[in-house]
Structures are given as structure tokens and as C-alpha cells.
Amino acid sequence: MKRREALGGRLARLKKEGLNPPLNEKETKNRQEAFGLSRLEGWTEINPCLWRRSVRYDNPLDESYSRSLVLPADQLVKELIFYDTETTGLSTGAGTIPFLIGIGMIHKEYFDVIQLFLSDYPGEIHLLKELNNIFQEEAVYVSYNGKTYDSHLINTRFLMNGLKVNHRFEVDLLYPSRRLWKKILTDCRLGSIEKDILGINRGPDIPGAEIPDVWFDFLKNGKTEKLERVFSHNLQDIYSLAILLHTIELITDGIVTHIPYDRFALGKLLLFHKRDEGIELLERELKRGNRKAGEFLSLYWKRMGEWEKAVDLWKEMNKRGFHYFSVEELAKYYEHHLKDYGEALKLIDKILKGPVPPSPEIKDKLLHRKKRLIGRLAQRD
DNA sequence: GGCGGTTAGACTTCGACGTA
DNA sequence: TACGTCGAAGTCTAACCGCC
């Protein structure tokens, strides 16, 4: 009869090896067969219930995007980590876990994607530790909706497992994508952007809503048929993230012309980042008939104290037909900046008698302004 | 179906200026 | 000098949207 190991000895062994001691070769093979994963390409069980594989692509990115709007200044692409999780549900509460994590990184001319797969719950601690090994503190993390979803989920799992959460600098491509394509696409899901903007055809893909059930079905019945589609879905998400980042960078640098995007939104964004190309873009948009672009640019000049440029724009916009915004701004300019109350009054009358009758609310505002101007003129006389 | 980041619009605050 | 008004800037809030 096998002698029971003394408690002290067992505790010492657990401390050294952890709750799940490493598997020997035979055990590994048995488990692969038991999980059915050995039939799937490239997977190795690196810890109990934690599997890993690497997939190599050509690098779709440039060396760096020194004038990037979405990345930190002079960010090198080799320090970027693209990531995406597949989870057991949508809630970021304690009951949801990531069972598959894809991590994309640049290695010289290659874009390598590491996938970590959890074949059962006890492997989670190993998954998180492995993630910690891969994640580097100085890296910049690129995701899609990761700020809201993936990063919270990962942080929650670290906390639940008593692991330290390191701060990660996150670049979420959802928001720049929304700016560029919100008005062009019906929605800005990654799949829609892939299909309609990046021209990527995924082929048969698994809908995200079905993903949790695939994993639960695998846990209960060991079914791996649909699992491969989940792995592919995750790989595609990671690779698309890289293509998307590259495309956004080319668009902001004015290199891409064949892809549709909201030029007004990009102009605003460039101007916000004090990039002169924003001015050119908004001027071009105004010439194409987009008065909103002119309004935005004129307010920018006004804020900068460049009155001449602002006034030129207001006058130019009015040449193209009556434009309430420009006339009102000119009236403000004459009243408050030049103290030319007579000219301001003429402009207010122009709006009141203009081709488009103002709403009662605006009319009240204009009449109030008119009364004030008449008072000031009388005072001056 | 829960969560939370972003955004646009509403609201508030503040400084400049004119008037009594 | 005190008060009122205006426009600009800053702050707040509600709605939207994408993740599985």
C-alpha cells in the first residue's frame, strides 16, 4: 500500500509546483487526445488546461508612424501589442472569463500572433501568468473597444486571481474609426469596417454571440468542430486590427485616396492636434460645398485671434448664398471687435429681411441685439 | 443583455466691456 | 464703482454604441 505523504511534505511540494504540477510527456499526450485538441493544428498544452500556438503573417505595418494621430508621438510599431479576447459572455462581471486571447506583435518582417486557449477553468491562473510574461509594461496596447470591454475583463480576472494589475497604455481603434466612418457606414463594428472599408472577406465566420456556447459545448461534450472557427475568428480580428491601424495612418497622412472617409471629421481631428493639413482639408471641404467645414475653420481662426482669416471665410461663405451663421458672426465681429455698430446693425437687418425667415426664437434674439445696437448708436451720437 | 468610453449638446462660470 | 450683458471656455449629463 502506498504510504501517504506527510502534510508538511505535501504543502512544500504544492508550494514548489503549484496546484497543478507539470505534466510528463505521456500525460500531455493523453490530455491532448482527451481534449481533441491534438487534431487541431499547432496547439501545445504549455500548462494544465492552457494551450498555446503561434501563427506567422507578413508584417502589414510600417516601421513607425512618426506623425500618427492615434499612437503616442514617435511610437515604434515593434512596441505595439495588438490583442483581442474571446470570452464566456458579454458582462464584464466576475462570472465572465476570457477563454481565448490573441496577441499580435511585430518581429522584424513578420507579424506573429500568439493565441492562448483555456481548455478548462483551472487553467485560468496559468493563462494570466503567461499573459503577464508576454505583456510588457512599456508596450502600447491596440484593441477594438478594448478600453470598454477587454481591458476591464482582463483586469477583473487578474484581481480575482490575486495578481497585480499593471497599468497598460491602450489605443482603442474604435474611436478613430467612428470619427472616420460613422457617417458612411450603418455601424462601426470591426466586421463592417473590414468588409466595407478594408475590403477583407472573412469567408464563413462565427457570429460573436455564438462564441460562448462553442466553448461551453467543448467543455461539456469535448466538441472541437466549431472551436477552430473561433480560433480563426480571433486570428482574423488581430490581423484586421493591424491592417486597420495601417489604413488609418495612411488616411491621416493623405496617402490613401481610394478609401471613403469623413473628410470633415478628419479635418477637425487634425486641427485638434494642431496639424496644418487639417486647415487644408477643411478648406477643400468648404470648396466642395460643406459649410460646416467652413464654420468650424472660421471658429478656429477666431479662437486663434486670426480675425482676418475668420472674416474672409464668413464673407466667402455668404457669397455662396445667404448663410445665417456667417452673417451673425460678422455682426458680432463688427459690434464687439471693431465697435462699428452701424455695420453690425445692417447685418442684423440683413438676417431679419433675409430669404429665410428666422424662427421666432432666433428672431427674438436678433431683435434684442438690434435694440442694443440702436441704443449704442444713439449713445454715440 | 451589462458596462463604460466617447461625444454632442445643455448648462454654468468667468472675464471683458459698456453704461449709469 | 457697481451692475448688467455678452461671448468664450469649461463642466456636466444623457444618449449612443460595440464588445461576446
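The values are calculated or read from the model by the stated rules, or taken from the named source; none is laboratory data. As the structure is a computational prediction, the values presented were derived from the model and not from experiment. With ideal geometry, Cβ positions are generated from the backbone for all residues, glycine too; neighbour counts draw on all protein chains shown. Surface areas here come from the heavy atoms of the whole protein model, side chains and all, with no ligands, DNA or RNA. Shrake-Rupley method; radii C 1.70, N 1.55, O 1.52, S 1.80 Å.
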Quiz prompt | Checking A:GLY146 against (1) away from DNA strand B (no atom under 15 Å from the Cβ); (2) closer than 29 Å to A:CYS49 by Cα; (3) among the small types (Gly, Ala, Ser), the condition it does not meet | solution = (1)
Exercise. Select the helices (runs of 4 or more DSSP H) contained entirely in region A:280-381, then report the ones holding at least 3 residues which are within 14 Å of DNA strand C (Cβ to nearest atom) and open to solvent by 90 Å² or more (accessible area, probe 1.4 Å).
Key: A:360-380
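Find the helices (runs of 4 or more DSSP H) located wholly in region A:209-274 whose residues include 1 or more that are within 26 Å of A:LEU76 (Cα to Cα), and list them.
Working: elements: A:211-221, A:227-252, A:263-272.
In region A:209-274, A:227-252, A:263-272 are the helices (runs of 4 or more DSSP H) which contain 1 or more residues that are within 26 Å of A:LEU76 (Cα to Cα).
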Quiz prompt | Criterion: under 30 Å from A:THR252 (Cα atoms), modelled with pLDDT of 95 or more and within 16 Å of DNA strand B (Cβ to nearest atom) - qualifying residue of A:ASP84, A:ASP112 | solution = A:ASP84
Exercise. List the number of the failed condition for A:GLY191; all other conditions in (1) surrounded by 15 or more Cβ atoms within 10 Å (Cβ to Cβ); (2) more than 9 Å from DNA strand C (Cβ to nearest atom) hold.
Key: (2)
Practice problem: Among what's in region A:229-264 and is aliphatic (A, V, I, L, M) and surrounded by fewer than 18 Cβ atoms within 10 Å (Cβ to Cβ), pick the residue that is farthest from A:LYS195 (Cα to Cα). | Solution: A:ILE255
Quiz prompt | Subset of region A:151-176 that is more than 10 Å from DNA strand B (Cβ to nearest atom) and under 18 Å from A:VAL70 (Cβ atoms) - its residue that is modelled with the lowest pLDDT | solution = A:ARG168
Self-check item: Of the criteria (1) open to solvent by 20 Å² or more (accessible area, probe 1.4 Å); (2) within 13 Å of DNA strand C (Cβ to nearest atom); (3) within 18 Å of the chain's Cα centre (by Cα), which one A:ARG202 fails
Solution: (3)
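For (1) surrounded by 12 or more Cβ atoms within 10 Å (Cβ to Cβ); (2) outside any loop (DSSP other than H, G, I, E, B); (3) at pLDDT 90 or above, each residue gets a yes or a no:
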residue: A:MET1; (1), (2), (3): no, no, no
residue: A:ARG13; (1), (2), (3): yes, yes, no
residue: A:PRO21; (1), (2), (3): yes, no, no
residue: A:THR28; (1), (2), (3): yes, yes, no
residue: A:GLU33; (1), (2), (3): no, yes, no
residue: A:LEU69; (1), (2), (3): yes, no, no
residue: A:ALA73; (1), (2), (3): no, no, no
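Please work out if A:GLU210 is within 12 Å of DNA strand C (Cβ to nearest atom), among the acidic types (Asp, Glu) and crowded, with 18+ Cβ neighbours inside 10 Å. Break it down into steps so the answer makes sense when it comes.
Values: within 12 Å of DNA strand C (Cβ to nearest atom): yes; among the acidic types (Asp, Glu): yes; crowded, with 18+ Cβ neighbours inside 10 Å: no.
No; evaluated as a whole, the condition is false for this residue.
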Practice problem: Please give the number of the condition A:ASP217 fails out of (1) modelled with pLDDT under 90; (2) within 14 Å of DNA strand C (Cβ to nearest atom); (3) of a type outside the set (S, T, N, Q). | Solution: (1)
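Which ranges mark the strands (runs of 3 or more DSSP E) fully within region A:89-161 that have 3 or more residues being open to solvent by 40 Å² or more (accessible area, probe 1.4 Å)? Please lay out each step first, then the result.
On the way: elements: A:98-107, A:110-118, A:140-143.
Fully inside region A:89-161 and qualifying: nothing.
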